[in-house]
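The values are calculated or read from the model by the stated rules, or taken from the named source; none is laboratory data. Quantities reported herein were computed from a predicted structural model and do not represent experimental measurements. Neighbour counts run over all protein chains shown; Cβ positions are idealised from the backbone, glycine included.
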Amino acid sequence: MRVLIVEDEEDLASAVQRLLADAGFSPDVAYDGEEGLYLALEAPYDLIVLDLMLPRLQGERLLGELRARAQQVPVLVLTARDAVTDRVKLLDSGADDYLIKPFEPAELVSRCRALVRRAAGQRAPILMVGDVEIDTPRRRVRRTGVDVPLTPREFRLIEYLALHRGRVVSRSELLDHLYGDSEETMSNVLEVFVAGLRRKLGSDVIQTVRGHGYIIEK
């Protein structure tokens, strides 16, 4: 689960980064609003943890830019403002949740997990890639109406590429999704999974972008 932390206070940003990494997330950090907006638009994050008081681009404007561009990634706002009017304004502006500073580390992790779960539940349950049907709730794949048995990691790979169709997904991102940061893998393990999926689902389902990664075209 990829998380973008947009926070200009380096000590707080580092603490939140360590906390979320220990909880199983893969966190990146941006230290100002412009960098945060750039990363949020360039990479497929599952969650953004956003401070409001940022240099170069305020957090509220960053949030507005994301929503104006139809970016629906969940956003958890960290704020020192605790007035009801401020909280209502944040939610109306497109924030999914907020946490008042100072906050308990366990509560931050809990809220992050809840937002990621909520967003996952709102995704389309059936993903179509040509004649391939990916049933995400049942973890089942069919081709032309016929069940195709996949291993758990083959399913996670085709599901991830389908969710990010139209974008080249790098080898490192896919390996991080399949294994996380803590498990060593063989150098060619990704190629083995892709070859297996092509054999089972058709050679044209996943394209290789040499030197960059893999893509399912729109």
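So the values come out like this:
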| item | result |
| --- | --- |
| Qualifying residue in the stretch 18-31 (condition: over 12 Å from the mean Cα position of the chain (by Cα), in the same structural domain as PRO105 (by TED's automatic domain parsing) and among the charged types (D, E, K, R)) | yes |
| Those residues of the stretch 13-64 which are within 17 Å of ARG113 (Cα to Cα) and hydrophobic (A, V, I, L, M, F, W, C), in sequence order | VAL16, LEU19, LEU20, ALA21, ALA23, PHE25, LEU47, ILE48, VAL49, LEU50 |
| Any hit, the stretch 157-175, residues being more than 26 Å from ARG67 (Cβ to Cβ), outside the structural domain of GLU9 (by TED's automatic domain parsing), among the aromatic types (Phe, Trp, Tyr) and free of Cβ contacts under 8 Å to residues at least 60 places away in the same chain | no |
| For VAL209: the one exception among (1) farther than 27 Å from ASP22 by Cα; (2) modelled with pLDDT of 90 or more; (3) among the hydrophobic types (A, V, I, L, M, F, W, C); (4) buried (at least 16 other Cβ atoms within 10 Å of the Cβ) | (4) |
| Selected residue [under 30 Å from ALA23 (Cβ atoms), at pLDDT 90 or above and of a type in the set (Gly, Ala, Ser)] from ALA119, ALA114 | ALA114 |
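Conditions tested, residue by residue: (1) under 22 Å from VAL109 (Cα atoms); (2) assigned to a helix (DSSP H, G or I).
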residue	(1), (2)
VAL16	yes, yes
ALA21	yes, yes
GLU34	no, yes
LEU76	yes, no
LEU91	yes, yes
GLY94	yes, no
